[in-house]
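The values are calculated or read from the model by the stated rules, or taken from the named source; none is laboratory data. If you're wondering where the values come from, they're calculated on a predicted model, not measured in any experiment. Cβ: placed from backbone, ideal geometry, glycine included. Neighbour counts: every protein chain shown. Quick note on the areas: whole protein, heavy atoms, side chains included, nothing else; ligands and nucleic acids left out. Shrake-Rupley method; radii C 1.70, N 1.55, O 1.52, S 1.80 Å.
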Amino acid sequence: MPNADQEHRYVDACLRCRKTISDHEAHEQAQHAAERRREDADQARESLIETLEESLEGLRHGERLADQDIASLRAQKQLLASRWQALSEQHLADEALRHRYDQALAGYDQIVQARVRLDERAAPLSRPSRRVTKSAWPA
């Protein structure tokens, strides 16, 4: 039959074991939760990128690029950038997603810059030249 000291040491050892097991389980649960948050952030990023990629593809294959299309694309890019930043503050993106993000932004820049060049070149064409005005060309 164990004496009081042995019983006390046994109870203390059991409590330490239970605490250790509990700490390990809590740590494992925290790791799983962090992994789920990371996966959720990656899925959200992927969804954002896919949406922008689809919009860019639609604009590339469209017949016209209206002012409304550019405004919508700018708003979508701004939302993407702010959501990407918020997600990155939680968890950094993996290299593949970061590369797709950079490619989508490059596609965005390409379309917007092409539209700016078009607007710059079209502006002089939309104003009648002095020659046409002097020739009394019918309006």
(message) Would you confirm, using the coordinates I've provided, whether His61 is surrounded by fewer than 14 Cβ atoms within 10 Å (Cβ to Cβ) and modelled with pLDDT of 95 or more?
(response) no
(message) Just to verify a result, which residue in region 74-93, among those that are of a type in the set (A, V, I, L, M) and touching a Leu at 6+ places or on another chain (Cβ under 9 Å), is most open to solvent (accessible area, probe 1.4 Å)?
(response) Leu79
(message) When the residues of region 76-104 are narrowed to those that are touching a residue at least 24 places away in the same chain (Cβ under 8 Å) and in a loop (DSSP other than H, G, I, E, B), which ends up nearest to the chain's Cα centre (by Cα)?
(response) Ala93
(message) When you check Leu56 against the structure, is it touching a Gly at 6+ places or on another chain (Cβ under 9 Å), surrounded by 10 or more Cβ atoms within 10 Å (Cβ to Cβ) and closer than 22 Å to Val112 by Cα, yes or no?
(response) yes
